[in-house]
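None of the figures in this text is laboratory data; all of them are computed from the coordinates on show. Since we're looking at a predicted model, the values are computed, not measured. Heads up, the Cβs are rebuilt from the backbone with ideal geometry, glycines too, and the neighbour counts pull from every protein chain shown.
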Amino acid sequence: MRPRVLLVSIPALVFTLAVAPAHHARAEDHGHAHHVAPMTDADMQKWVDEYFAIHPRVGVNRVGAAAAETVSVVSFRFEADGNAGTQIDTVKILVGESVRWQFGSGSHTVTNGTGFSDPDMGTLFNQPINSVQTSLTFQFDNAGLVPYFCQPHEGFNMKGFVLVKSTSGVTPLPGNNAALGFTRSPRPNPTRAGVDFQFALNQAGQARIEVFDARGARVATVKDGTLPPGSYSGSWDGTGADGVAVGSGVYYLRMTLPGYSQSRRVVVAR
């Protein structure tokens, strides 16, 4: 009697191995590829050294100069607000002021731009931050929102922003100009000092932004002039027209644009 052969079909098993990233990650090469791969501290230092051996450093490092804001550079994030839970922080300065990036751990770059796909990447500043070059102090001479990132850690969303405000109280922002009026209400609110807000124009025209007290008396003018269409950041520093801090109370931030007039309530609590 011939033995019977039993054929059993066993479906293939597919396993997905999730590997936690090592302490550092790198770009695949020194070009624009930027997938994440584990690296040691020594490997990351080597990557940064080799990158700047063939790429020029961009931007003047004002060593020893005073800075209006300081950003700590640690593994996988730029820390500016003291809260590790916020991955991307924004520092706010005035035109002509400087930001200092201070080494904390790892090896990184501080590169202007939103990422490798940004055609303006590294045109303003592109410098290493590590145990050799422990700080970068850069002065911002033009108003606007400046994004920056770490090249080898872009995959970890290691990014940040510098909002450079105009002394006029209004700073242009990137973005479309489809909106009209307040696009972000004043904050913080209540405030002990001043507030920031955002707005947009969909056509060029006269922009008047004023602050009134609860009796309807004007106490300050943030902006009174012509603006092109676009998105803007504005701020009121909590002072009156005489430069003296206003007292505690309720105030109204009134914005008048072509085809738009609205107010937002601001509570000052000294």
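A few comments on the model shown:
- Rounded, prolate or oblate (a/c below 1.5 giving rounded, otherwise prolate when a/b exceeds b/c) for segment 157-210 by Cα gyration tensor: oblate
- Counting DSSP beta bridges with both ends in segment 81-237, the antiparallel % (nearest 5): 85 percent
- Average silhouette area of segment 168-270, convex hull of alpha-carbon atoms, in square nanometres: 5.8 nm²
- Ranked by the mean number of other Cβ atoms within 10 Å of their residues, highest first, the peptides 88-98, 197-207 come out as 197-207, 88-98.
- Here's how it looks for Val266: its modeled amide H is under 5 Å from those of Tyr251, Tyr252, Leu253, which are all 5 or more places away or on a different chain.
- Taken as Cα centroids, segment 51-119 and segment 129-190 sit 11 Å apart, rounded to the nearest whole angstrom.
- Ignoring lysines fewer than eight residues from Lys223 along the same chain, the ones with Cα atoms less than 21 angstrom from its Cα are Lys92, Lys165.
- Residue-wise HN-Hα couplings along segment 114-126, as the Karplus relation 6.51 cos²θ - 1.76 cosθ + 1.60 with θ = phi - 60° gives them from phi, are 8, x, 5, 7, 7, x, 8, 3, x, 7, 9, 8, 7 Hz; Gly and Pro carry x.
- Distance between the 7 Å Cα→Cβ label points at Ser185 and Ile88: 2.4 nm.
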